[in-house]
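The values are calculated or read from the model by the stated rules, or taken from the named source; none is laboratory data. Nothing here was measured: the structure is a model prediction, and the numbers come from that model. In this analysis, Cβ positions are derived from the backbone assuming ideal geometry, glycine residues included, and neighbour counts consider all displayed protein chains.
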Amino acid sequence: MRFEHTLRYDAAPEEVFAMLGEAVFRERVCEAQHVTECTATVDGVDDTMSVMVDQKRPSEGIPSFAKKFVGDTIHIQQREEWSSATDAKLDVSIPGKPGHLKGTITLRPDGDGTVETVSGDLRVSIPLLGGKIEVLIAELLEHALQAEHRVGTAWLAER
């Protein structure tokens with residue numbers, strides 16, 4: 001299934017890129033999602049960086065058909081490879097499970113602000129249930145990005 005989500009920030013693309021390159025920011029986003037475990041690492045030089053967010057969250061509220069798939073805890077790894085201050089490759093996976101999102105993140109100027117677009121192909125290779133689980137994962141990603149936007153808006157306003 002195709003996934004796309006857009007966020008708008010009242011800051012220049014360089015400021016949004018700098019925010020996304022802060023491990024503390026990534027950890028605050030995890031806290032806002034009530035994640036039980038989170039490790040964020042960022043390595044970069046100039047306008048390139050690698051970001052890894054490894055998180056575990058309880059699967060409370062997940063429908064029973066999906067809970068059999070993920071268990072009591074959902075382990076998610078998000079990898080970003082930024083080739084410039086405006087473009088990244090994105091890989092979101094559930095280790096040990098047949099599901100992933102492969103796509104891109106872009107930062108584009110929008111008047112005095114920035115539009116961040118996260119898009120990609122979401123796949124879960126489980127016969128009969130794959131489509132339902134893809135929809136569920138898309139909803140989880142939407143909620144995660146909404147949390148990122150709330151935290152990011154506050155983060156940028158503080159600076």
(request) Kindly list, by first and then second residue, each pair from a residue in the range 1-25 that is small (Gly, Ala, Ser) to a residue that is part of a helix (DSSP H, G or I), limited to pairs with Cβ atoms under 6 Å and residues at least 6 apart or on different chains. (result) 11/156
(request) Output the residues belonging to the range 139-153 that are modelled with pLDDT of 90 or more and either charged (D, E, K, R) or within 15 Å of the chain's Cα centre (by Cα) (or both). (result) 141, 142, 143, 144, 145, 146, 147, 148, 149, 150, 151, 152
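This table checks each residue for (1) at pLDDT 90 or above; (2) closer than 15 Å to residue 29 by Cβ; (3) out of contact with any Leu (no Cβ under 8 Å at 6 or more places or on another chain).
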| residue | (1), (2), (3) |
| --- | --- |
| 72 | no, no, yes |
| 80 | yes, yes, no |
| 88 | yes, no, yes |
| 105 | yes, yes, no |
| 112 | yes, no, yes |
| 115 | yes, no, no |
| 120 | yes, no, no |
| 124 | no, no, yes |
| 155 | yes, yes, yes |
(request) Inspect all residues belonging to the range 1-14 and state whether any of them is among the aliphatic types (A, V, I, L, M), exposed (fewer than 15 other Cβ atoms within 10 Å of the Cβ) and under 18 Å from residue 142 (Cβ atoms). (result) yes
(message) Which of the numbered conditions does residue 93 fail, given that it passes all the others? Conditions: (1) within 22 Å of residue 31 (Cα to Cα); (2) out of contact with any His (no Cβ under 6 Å at 6 or more places or on another chain); (3) hydroxyl-bearing (Ser, Thr, Tyr).
(response) (2)
(message) I'd like the full set of residues that are under 25 Å from residue 87 (Cβ atoms) and at pLDDT below 95, limited to the range 34-47.
(response) 44, 45, 46, 47
(request) May I ask you to verify whether residue 114 is touching a residue at least 12 places away in the same chain (Cβ under 8 Å), surrounded by fewer than 19 Cβ atoms within 10 Å (Cβ to Cβ), of a type in the set (Ser, Thr, Tyr) and not in a helix (DSSP H, G or I)? (result) no
(request) Kindly list the number of the only condition in (1) closer than 18 Å to residue 104 by Cα; (2) surrounded by fewer than 19 Cβ atoms within 10 Å (Cβ to Cβ) that fails for residue 26. (result) (2)
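Let's see how each residue does on (1) in contact with a strand residue (DSSP E or B) (Cβ under 8 Å, 6 or more places away or on another chain); (2) among the acidic types (Asp, Glu); (3) over 14 Å from residue 141 (Cα atoms):
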site	(1), (2), (3)
30	yes, no, no
38	yes, no, yes
43	yes, yes, yes
46	no, yes, yes
52	yes, no, yes
55	yes, no, no
63	no, no, yes
68	no, no, yes
73	yes, no, yes
(request) Take the residues in the range 32-87 that are without any contact (Cβ under 8 Å) to a residue 12 or more places away in the chain and acidic (Asp, Glu), then tell me which one is surrounded by the fewest Cβ atoms within 10 Å (Cβ to Cβ). (result) 46
